[in-house]
Amino acid sequence: MDIRITLSQNKKEKYTDESTLGFGKIFTDHMFEVSYNTEKGWHDAQIVPYHRLSLDPASSVLHYAQEIFEGLKAYRTDNDEILLFRAKDNCARLNRSAQRLCMPEIDIDFNFNAIKTLVDIERDWVPRSDGSSLYIRPTMIANDEALGVKAASNYLYYIICSPSGAYYKDGLKPINIKVEDKYVRAVRGGTGEAKTGGNYAASIKAGEEAAKQGFSQVLWLDGEEMKYVEEVGAMNMMFVIDNKIVTPKLNGSILPGITRDSVLTIARDMGITVEERRVAVEELIDAGRSGRLTEAFGTGTAAVISPVGMLAYKDEQIIINNRKIGELSMTLYNTLTGIQRGRIKDKFGWITVV
Ligand code: PLP
Ligand code: COI
């Protein structure tokens, strides 16, 4: 399927100060869109000026949240090349989310080409300062105009781009995290491993309560026993215990993060022992009390690598590495962002030049 391109005649004013970008607040001049129905399949692919959507008030996504999305980034190198990081992995994960939500899959090469073509058109929007990037948000919504609860027959898939700075306002400064002991995010057999809006809607209440108590995020426990650590709102979690990286294994209820996989691959390549297994919160607290928990950090596309300075569980607070970023977290951050920005050779085949 070809992509029809209509360029904007009315370009937006670009940001002038990259340090004020924030995360996901401004959007570029164009978007990609393609429609689906059961008769025609995917059709009418186009890149058009960024615009509002027109949806019927009965549109299925608005009622039953049949929606999935992705998040990936394009980076500007010191030589003004634009690089995409592991974009095909995002296309593959979108399809896995689509299967879970009974939505139509999109050919990975076609989707990858759509992302690349859009980013090429928007290349002037990719910021250059360290920590900034063009955040890309592919999104699929169900769009039947009917109120029955079933898999829709009509869908819209679109991609928008947002020049962004750090996800957390303090950048690499260690954050405070609350281990959530009241609400859960996902349960066995649920949608935890899909990237679907409903997971995030269900998480907002815990996040708001934690924010009022001064925490940046909550660390979810498993939905059955509230005993094992799962992940944070927008990040997978890693802990350095006895000089090994310990991280919850992919169990069907956490998101299989692409940054998670990248960090584990880099760590193994550096000769660091990695354990993907169940991690009981009590084990973490014990390791914290005895000084064996030396670093903790989250991994995510938006958040990159985000050190954790304090973990609160019930009435106890575990301070990690004196609230300073750990040596291993810093090395992994530098290696990952070095590859993403073309400063370190990409021996894993993760980069595409746009
Ligand atoms: N877990 C959740 C719930 C997320 O929303 C994200 C962000 O995408 C991640 C983990 C990290 O995934 P990735 O590294 O693919 O961005
Ligand atoms: C990402 O890291 O791409 C995400 O999707 C996180 C988002 C929920 C802000």
Relative contact order %, segment 4-164, counting alpha carbon pairs below 8 Å whose residues are six or more apart: 34
Gain on full stretching of the segment that runs from Asp261 to Glu225 - 0.36 nm per residue minus C-alpha separation: 10.3 nm
Long-range amide H partners of Ala146 with built H, under 5 Å: Ser60
By average C-beta atoms within 10 angstrom, highest first, the peptides 260-266, 203-209, 141-147: 260-266, 141-147, 203-209
Two-site FRET efficiency, Ile26 against Ser290, from Cβ-Cβ distance with R₀ of 45 Å, rounded to 0.05: 0.45
Estimated FRET transfer efficiency (His43, Asn251; beta-carbon r; R0 41 Å; 0.05): 0.65
Dimensionless Rg/Rh of segment 175-340 - Kirkwood Rh, Rg from C-alpha atoms: 0.93
Accessible area of Ile175 in the full protein assembly, 1.4 Å probe (Å², nearest 10): 10
Positive dipole terminus of the chain, leading residue within Ala194, Gly24, Ser35 (C-beta point charges): Gly24
Distance between modelled label sites at Thr331 and Glu275, nm, 7 Å Cα→Cβ extension: 1.9
Whole-percent carbon and sulfur share, accessible surface of the chain, 1.4 Å: 47
Cα-centred dipole magnitude for segment 107-262, charges only on beta-carbon of K, R (+1) and D, E (-1), debye, nearest 20: 300
Dimensions in Å of segment 4-164 - Rg and Dmax from alpha carbons: 16.3, 53
Summed side-chain charge close to Leu7 - residues other than Leu7 whose Cβ falls under 15 Å, Lys, Arg +1, Asp, Glu -1: -1
Pairwise label distance in nanometres, Lys173 with Asp107, each label 7 Å out on the Cα-Cβ vector: 4.9
Loop sites in segment 47-81: trypsin sites (Lys or Arg not before Pro), DSSP, at most 11 other Cβ within 10 Å: Arg52
Sequence of Tyr157, Tyr64, Tyr333 from largest to smallest accessible area, 1.4 Å probe: Tyr64, Tyr333, Tyr157
Accessible area per residue, Å², segment 199-354 with all protein chains present, probe 1.4 Å: 43
Area projected by the alpha carbon convex hull of the chain, averaged over all directions, nm²: 18.1
Two-site FRET efficiency, Val149 against Asp181, from Cβ-Cβ distance with R₀ of 35 Å, rounded to 0.05: 0.60
Positive-end extreme of charge dipole, the chain - chosen from Cys102, Gln340, Thr6 (charges on Cβ): Gln340
³J(HN,Hα) computed for each position of segment 134-151 - Karplus, 6.51 cos²θ - 1.76 cosθ + 1.60, integer Hz, glycine/proline x: 9, 7, 10, 10, x, 9, 10, 10, 7, 9, 7, 9, 6, 9, x, 8, 6, 5
Nearest-20 debye value, the chain charge dipole, Cβ charges on Lys, Arg, Asp, Glu: 480
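The values are calculated or read from the model by the stated rules, or taken from the named source; none is laboratory data. Note that the coordinates shown come from a computational prediction; the quantities given were computed from them, not determined experimentally. Positions of Cβ are generated from backbone atoms using ideal geometry, with glycine treated the same way; all protein chains shown enter the neighbour counts. Quick note on the areas: whole protein, heavy atoms, side chains included, nothing else; ligands and nucleic acids left out. Shrake-Rupley method; radii C 1.70, N 1.55, O 1.52, S 1.80 Å.
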